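The values are calculated or read from the model by the stated rules, or taken from the named source; none is laboratory data. The shown structure was predicted, so the numbers you read here are calculated from the model rather than taken from an experiment. Here the Cβ positions follow ideal geometry from the backbone for every residue, glycine too, while neighbour counts run over all protein chains shown.
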Amino acid sequence: MFGPLFLLWTIGIVITYFIAQNIANAPYDRTLADHLRLLRHEAEQQHIAQGVQLPPSARTILAGDQEYPTHWSIQDANGTWLAGSRDIPLPPDWSYDTDHVHFRNAHAGGRSVRIAYLWGGKDLSGQAFLAVVSETNELRATLQQEILTGMLTPQLIVLPLAALLAGLGMTHGLEPLSIMQERLRERTPNDLSPINDDLAPAEIMPLIAAMNELLARLAASTETQRRFVSNAAHQLKTPLAGIRTQAELALRAPGPEGLDASLHQLIRGSERATRLVNQLLALARAEQPERAGAGSVELNELARSQTLEWVPAAMRKGLDLGFDPAPEPVAVHGNALMLAELLGNLIDNALLYTPAPGQVSVRVGCVDAAPYIEVEDSGPGISKENRERVFDRFFRVLGSDADGSGLGLSIVKEIADQHGARIEFLAPQRGAAQPGTRLRVLFPNAEEDEAYDDEAGAAA
């Protein structure tokens, strides 16, 4: 702050100098103009060709201070001297403005003088003349110096005080920031708790609020990573232990038959481990709060492509996988990759728990202008008491011999929540008496989706 203060002080000195100069010139210029008019008046009462004799009163007024007298001169239209002092320099470009007083600075006798001249006077014979008066600038300079001293002295006192107060104010104002800085340095890398803003100045409260929001997002991301690592470590124990056991059995197998059985078990175990890892990664992606890559997604095209991808798996299991599109294009606002993951897990879950021969149907439609995707299977169904728990991680319905991980519907729930959609259990279209599960993901309509995006943006 000292640099700008010094610059402003320098500019103030320059401005003060010109102000003092104008203030000092004003009263002396008025006096000089009065002397000029007095001279013209006296000259108009005489014949200037015969010389000009001023009365004692006029001489007394023009004499003024004996040390700094006022000199005068009378000249004709050609600038020829007629009376008075010959030392007053004539303005080189003086004008013939009648009754208009002009001022200029010049040098005479080695001294700086102030000159005033007035054209338009006429003597008794009608001859026009130019009246000129001058005085030295010493008195003006003295007054100007006194004005500058009176105006700059307070500034010279106030400026250091202002700098001192600014330094004290900045030191006192930044002390809470120094305390916060020390507190942040003392934090452990795992401490993502909000920053305490009790001592913070009001000017940086928005900054602290933004930093706390960032810390909250980092804490959520860290918790997601920690949960993923914990889930992966816990769930991979079983398939990895199984693979190791089968490898040990293969080493001890007495013949080719036992070796082949162990190798087949190794393949199945590696497939289960691969599927589990893929689902854990999908769950980690679904847990991210950002809707990166969001745009318009056409559900008919999305459902058709996903259904075709799962046809080979359905054929291997002896199931009939069908697709029933909506008659008109159905678009939602969302992330195409995440929505494909959602539908893929619904189809995978239906194929996994539906015994052969069975049917799995994928449908797209709208109800009350709200788009939906639903998957219906002819499996054993889900009881009402388990319909809420099936979305919990690693939960599996008791009595099921399907080789699942319990993560499929958890991924579906996470992605649905990301898009503001809700999941509904409906009665099978084949009839309420028939077994099976019909699970619908109902997306918000255009107005609800816009409101959800605004609400999610405000929360972020």
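Just a few scattered comments:
- Options Phe129, Phe103: the member that is farther than 18 Å from Ile23 by Cα, of a type in the set (Phe, Trp, Tyr), at pLDDT 85 or above and in a strand (DSSP E or B): Phe129
- Filtered by the rule that a residue be modelled with pLDDT under 85 and surrounded by fewer than 15 Cβ atoms within 10 Å (Cβ to Cβ), the stretch 24-52 gives Ala49, Gln50, Gly51.
- Cβ pairs under 6 Å, 6+ apart, first in the stretch 322-338 and touching a residue at least 60 places away in the same chain (Cβ under 8 Å), second crowded, with 21+ Cβ neighbours inside 10 Å and not hydroxyl-bearing (Ser, Thr, Tyr): Val332/Val297; Val332/Pro371; Val332/Phe443; Gly334/Val297; Gly334/His419; Met338/Ile415
- Check on Ala33, part of a loop (DSSP other than H, G, I, E, B) and touching a Leu at 6+ places or on another chain (Cβ under 9 Å): no
- Residue list for the stretch 89-133, filter: over 23 Å from Gln45 (Cα atoms) and buried (at least 19 other Cβ atoms within 10 Å of the Cβ): Val113, Arg114, Ile115
- Residue match in the stretch 48-71 (condition: under 60 Å from the mean Cα position of the chain (by Cα) and of a type outside the set (Asp, Glu)): no
- Considering residues of the stretch 53-88 that are surrounded by fewer than 14 Cβ atoms within 10 Å (Cβ to Cβ) and β-branched (Val, Ile, Thr) only, the residue nearest to Gly126 (Cα to Cα): Thr80
- Of the residues examined, Leu346 is not one that is aliphatic (A, V, I, L, M) and more than 19 Å from Pro444 (Cβ to Cβ).
- Pairs linking a residue in the stretch 189-209 that is within 13 Å of Leu177 (Cβ to Cβ) to a residue that is of a type in the set (Gly, Ala, Ser), with Cβ atoms under 9 Å and 6 or more positions apart or on different chains, are Asp197/Ala209; Pro201/Gly173; Glu203/Gly173; Leu207/Ala200; Ile208/Ala200.
- Every test in (1) in contact (Cβ under 8 Å) with a residue 40 or more places away in the chain; (2) farther than 19 Å from His419 by Cβ is passed by Arg316 save one, and that test is (1).
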